[in-house]
């Protein structure tokens, strides 16, 4: 590599790192507890515990689950019924002030699927974990915050690639993994930064890329709504709004009859953004680690229980579904989460050392300037702090 190209890559790495570093450091720090979000919410008491009933007790009808939710919040309407992958005995009835009200304004009623008993109120949008998740996903700025963090992820990926390009000529005269402990503090942290960046490059690239994809979730949902969903429900476009809807359990049974190897994970009521004004949107998942993350929508007429021909969701939505659990290490249970946490700590070390190196470099530059201006004593003191 020529000295000119080396300077270009160095400038690219420096400035892309500086632009993205603070935000990436925030994401890594907030992401560390979010890896264990389910475990933390369980310990802190923000999740609902199912009732203690005999093993093998069958599930009651989903219509009874909905009735229990309505009885708990009679002033609201049901938007969704969904289930927890980690606790299949609990159903959540998502209630809101209107069928088309923003989802974040709603409240969940937790119901035991075997007894239709209302459980302790879950606090899905409250507590420290929910606060960290909101900060991590959009910094409390909504869609604009998500898209901004997505842009920072792109800049960070450029910083990672340029760092690897620079690492090869930098380590040409040193063995891989060398950390010069007996030299200056700045050289020690430079070696730590370079080694940590190379070791975690693949993981940081995966997490950065999946995080970038996740910031586009709202846009992908809109694209699916105005594309495939609109096509599937086109014959119902001019129908008047429903005056009454049929059985939720029957709608789910119809969907499962068409895909018996799958199971429901959520059901959207007619009029919500996830379906049409005339259909239940039954979203099904498979049983393997991969298929359990990809949703298969089944639209069932809420009056006649007739199934609209099923279509797999577009590739871009499936990419989103697969990237979300990969971002937090949710594919392999607790062991993979621990691996993700260790790599996250390593990433924090890489980012923190990069910030320190930039500050130390600025101090060194200030030292040289002060010496040129005839202030060697203060300059030496300032320079010593960075060594």
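Each reported figure results from applying straightforward, stated rules to the coordinates on display, with no laboratory input. This structure is a prediction, so every number in the text was calculated from the model and none was measured. Neighbour counts run over all protein chains shown; Cβ positions are idealised from the backbone, glycine included.
Principal-axis analysis of the Cα atoms of the chain puts helix 62-72 at an angle of about 80° to the longest axis. GNM on the chain, alpha-carbon springs under 10 angstrom: the most fluctuating residue among 265, 161, 35 is 161. Note on residue 253 and residue 183: with the Förster distance fixed at 51 Å, the Cβ-Cβ geometry gives a FRET efficiency of about 0.10.
A Förster radius of 25 Å combined with the Cβ-Cβ distance from residue 219 to residue 263 puts the calculated FRET efficiency at roughly 0.30. Sequence-distant contacts, meaning Cα pairs under 8 Å at least 6 residues apart, place the relative contact order of the range 139-295 at 17 percent.
Output the 0 to 90 degree angle, nearest 10, between the alpha-carbon long axis of helix 142-170 and the longest principal axis computed from the alpha carbons of the chain. Here the helix axis deviates by roughly 40 degrees. When each of 36, 269 is scored by the number of other beta-carbon atoms lying within 10 Å, the sequence from fewest to most is 36, 269. Residues 222, 64, ranked from the fewest to the most other C-beta atoms within 10 Å, line up as 222, 64. The relative contact order of the range 245-362, computed from alpha carbon pairs under 8 Å that lie at least 6 residues apart in sequence, is 18 percent. If you run the Gaussian network model on the chain, springs between alpha carbon atoms under 10 Å, then out of 180, 362, 73 the most flexible one is 362. Quick note on the range 43-154: its Rg to Rh ratio, both from C-alpha atoms and Rh being the Kirkwood radius, is 1.06.
The relative contact order of the chain comes to 18 percent, based on Cα pairs under 8 Å that sit 6 or more residues apart.
For the chain, the longest principal axis of the alpha carbon atoms and the long axis of helix 248-258 meet at an angle near 70°. Legend: translational diffusion of the range 206-256 by Stokes-Einstein, Rh = Kirkwood radius over C-alpha pairs, 37 °C, 0.692 mPa s; D = 230 µm²/s. Restricting the calculation to Cα atoms, the range 282-327 shows an Rg/Rh of 1.07 when the hydrodynamic-style radius is the Kirkwood one. In plain terms, the chain from residue 44 to residue 86 could stretch by 13.5 nm, reckoned as 0.36 nm per residue minus the Cα-Cα distance. Pairwise Cα distances in the chain exceed 38 Å in 34 percent of cases. Summing -39500 (n - 2.57) over the DSSP H runs of n ≥ 4 in the chain and dividing by its residue number, what mean residue ellipticity at 222 nm do you reach, to the nearest 500 deg cm²/dmol? It comes out at -17500 deg cm²/dmol, rounded to the nearest 500. Sorting 181, 114, 311 from the fewest to the most surrounding beta carbons within 10 angstrom yields 181, 311, 114.
For the peptides 6-18, 292-304, the ranking by packing is 292-304, 6-18, with the highest mean count of neighbouring Cβ atoms within 10 Å listed first.
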